[in-house]
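Notes follow once the structure below has been shown.
The values are calculated or read from the model by the stated rules, or taken from the named source; none is laboratory data. This one's a predicted model, so the numbers in the text were calculated from it and none came from an experiment. Reconstructed Cβ throughout: ideal geometry from the backbone, glycine too, with neighbour counts over all protein chains shown.
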Amino acid sequence: MEDNKKTITALKKAHSLLGRVIGMAENHEYCIDLLQQNLAVIGLLKAANSRILEGHLNSCFAAAMRGTNEKRKKKMIDEILSINKLSK
């Protein structure tokens with residue numbers, strides 16, 4: 001539950017900061033300032049993504065791996081591999 005709150009907080013901060021970054025771009029602010037703020041948004045999103053993945057691995061994925069449904073296990077593994085490819 002605490003991790004979910006941290007994830008939501010990071011997403012909300014990223015959302016708010018992204019609005020400011022868009023404003024900076026629209027106002028043609030200094031490129032380095034824009035890049036720094038954009039990287040801050042990316043960092044917040046990466047942190048949220050890591051928490052979401054960790055939660056999934058410790059709950060849904062772990063439960064599937066403890067089960068006996070081999071088709072479900074394969075599906076869960078394929079999902080993780082797919083997400084891993086997208087994150088690169």
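Couple of notes before you dig in:
- In segment 1-16, the residues that are surrounded by fewer than 16 Cβ atoms within 10 Å (Cβ to Cβ) and in a helix (DSSP H, G or I): Glu2, Asp3, Asn4, Lys5, Lys6, Ile8, Thr9, Lys12, His15, Ser16
- Residue among Lys46, Lys88 that alone is within 13 Å of the chain's Cα centre (by Cα), surrounded by 12 or more Cβ atoms within 10 Å (Cβ to Cβ) and of a type in the set (D, E, K, R): Lys46
- Where a residue in segment 12-35 is farther than 17 Å from Ala47 by Cβ and of a type outside the set (Phe, Trp, Tyr) and its partner, wherever it lies, is at pLDDT 95 or above and exposed (fewer than 12 other Cβ atoms within 10 Å of the Cβ), with Cβ under 8 Å and at least six apart: Met24/Asp33
Here is a yes/no grid of residues against (1) hydrophobic (A, V, I, L, M, F, W, C); (2) at pLDDT 95 or above; (3) surrounded by fewer than 13 Cβ atoms within 10 Å (Cβ to Cβ); (4) not in a helix (DSSP H, G or I):
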| position | (1), (2), (3), (4) |
| --- | --- |
| Leu18 | yes, yes, no, no |
| Met24 | yes, yes, no, no |
| Glu29 | no, yes, no, yes |
| Leu34 | yes, yes, no, no |
| Ser50 | no, no, no, no |
| Gly55 | no, no, no, no |
